[in-house]
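A short worksheet on the structure shown next.
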Amino acid sequence: MTLQKTICHHEFGKPLEVLRLEEVEQREPAPGEVRVRLLAATINPSDYGMIGGSYGRLRELPAVAGREGVGVIDALGRGVSSVGVGARVRFPEEGTWQETACMPAADLLMVPSDVPVDQAAFSFINPPTAYCLLKKIVDLAPGSWVVQNAGNSAVGLSVIQMAKAMGFKTISQVRREELIEPLKALGADHVVVEGSGWPKQVKELTGGEPIQLAFNSIGGASATDQIKVLGDGGTQVTFGGMVGDLVRFPTRFLIFNDVRLVGFWWDKWCQKAGKNGLDEVMSAVYNMMRDGTLKLPVEATYSFAEYEEAFKHDKQPRLGKVLLKP
Ligand SMILES: NC(=O)c1ccc[n+]([C@@H]2O[C@H](COP(=O)([O-])OP(=O)(O)OC[C@H]3O[C@@H](n4cnc5c(N)ncnc54)[C@H](OP(=O)(O)O)[C@@H]3O)[C@@H](O)[C@H]2O)c1
């Protein structure tokens with residue numbers, strides 16, 4: 001019997017209170033399945049929601065934690081001939097913080113071998129979300145302005161780099177002045193600090209051009225600022241809520257400016273778009289990762305045994321993802 005490490009939880013709660021490093025028996029792939037060995041996994045805000053029991057979909061307990069990771073096929077079940085050992089794939093979504101997991105070969109998402117492992121590890125949620133925000137919600141003309149909060153998040157950094165490549169212009173809201181130069185170096189047109197009164201200067205920033213799209217993953221005052229600067233007929237897309245504060249705004253923006261408030265959830269988008277839609281978005285993401293258009297920083301890498309330090313680090317001010325490797 002081969003044992004493997006997993007980071008799992010038997011109840012919902014805060015990661016540092018409920019997560020456990022356990023050893024369980026490694027499974028052999030059943031007929032039609034492959035076994036995938038984890039290369040690198042990500043810690044994302046949605047992991048906190050899934051571990052805490054507040055996310056849009058939850059796993060049955062006890063559960064292996066983690067939603068995103070890249071792996072390599074290390075064993076084939078009977079009858080599998082469509083893929084071979086050594087191919088790089090998305091790690092099974094049932095829980096990415098474990099050394100191996102099995103899944104049907106027919107459901108694999110293939111990862112090009114020329115995309116660096118660390119980039120591939122966080123390619124499955126945040127970059128495709130950024131791509132959909134820019135391409136699938138409003139038909140933006142080249143040169144259009146977009147505003148976003150959490151500009152230094154993985155989604156935010158993807159939006160900055162993709163928007164530049166697509167010919168859109170960005171205003172990114174951040175909470176720390178020290179992020180202004182690094183974000184500009186990645187291609188941000190303007191970076192503004194939350195609470196600095198930046199909405200009053202927005203006409204100077206855009207040269208009077210309207211802002212057509214706003215991406216809100218924070219909530220509270222930061223989201224209200226976006227609604228105030230949107231141009232006539234502009235759309236705010238909410239796809240995250242890093243603060244629990246209500247978004248308050250004067251109704252005049254809905255009435256006189258015809259502003260639209262919509263939501264986006266990548267999981268639901270994938271269900272609706274099906275395999276063809278997913279393939280289109282992922283191949284756009286991988287093309288950008290390959291040619292260097294899109295590069296996301298890694299803040300730090302921890303082993304499974306160091307998962308508590310990884311979570312403490314994840315909560316510190318940072319510019320990049322914290323990765324877990326077995
Ligand atoms: N709906 C979807 O399908 C979907 C898909 C992907 C991501 N998301 C959401 O998008 C957001 C970003 O995800 P990510 O993985 O890109 O994030 P990330 O890289 O982990 O970065 C977290 C970001 O949140 C900011 N933040 C954290 N706590 C905050 C607070 N109390 N007030 C204001 N800002 C705060 C951080 O700013 P500081 O550096 O200043 O702390 C940082 O910019 C999350 O809300 C996530 O759930 C949603």
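Here are the numbers:
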| item | result |
| --- | --- |
| Inter-probe distance in nm under a simple model that places probes 7 Å from Cα toward Cβ, at residue 25 and residue 316 | 4.1 |
| For the chain, built as a Gaussian network whose Cα springs stay under 10 Å, the top-fluctuating residue of 25, 99, 68 | 25 |
| Length added when fully stretched, residue 181-residue 141, from 0.36 nm per residue minus Cα-Cα | 11.7 nm |
| Mean separation of Cα contacts under 8 Å (6+ apart) over length of the stretch 1-90, as relative contact order % | 33 |
| Gained length - residue 114 relative to residue 94, 0.36 nm times residue gap less alpha-carbon distance | 4.6 nm |
| GNM flexibility winner over the chain from 273, 40, 223 (Cα, springs under 10 Å) | 273 |
| Dipole magnitude (debye, nearest 20) for the stretch 126-266, charges at Cβ of Lys, Arg, Asp, Glu | 180 |
| Cα-Cα over 25 Å, subset of 136/200; 200/315; 164/275; 200/321; 164/203 | 136/200; 200/315; 164/275; 200/321 |
| Cα long-axis angle, helix 154-166 against the chain (0 to 90 degrees, to the nearest 10) | 60 |
| Ranked list, fewest to most other Cβ atoms within 10 Å of each Cβ, for 268, 228 | 268, 228 |
| Listed residues 254, 19, 134, most fluctuating in the chain (Gaussian network, C-alpha, under 10 Å) | 254 |
| Unit charges at the beta carbon, dipole of the chain: most positive-side option, 141, 285, 266 | 141 |
| Extension reserve of the residue 256-residue 325 stretch, reckoned as 0.36 nm per residue once the Cα distance is removed | 19.7 nm |
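Each reported figure results from applying straightforward, stated rules to the coordinates on display, with no laboratory input. Please read these numbers as outputs of a predicted model, since none were measured by experiment. Cβ sites come from the backbone with ideal geometry, for glycine too, and all protein chains shown count toward neighbours.
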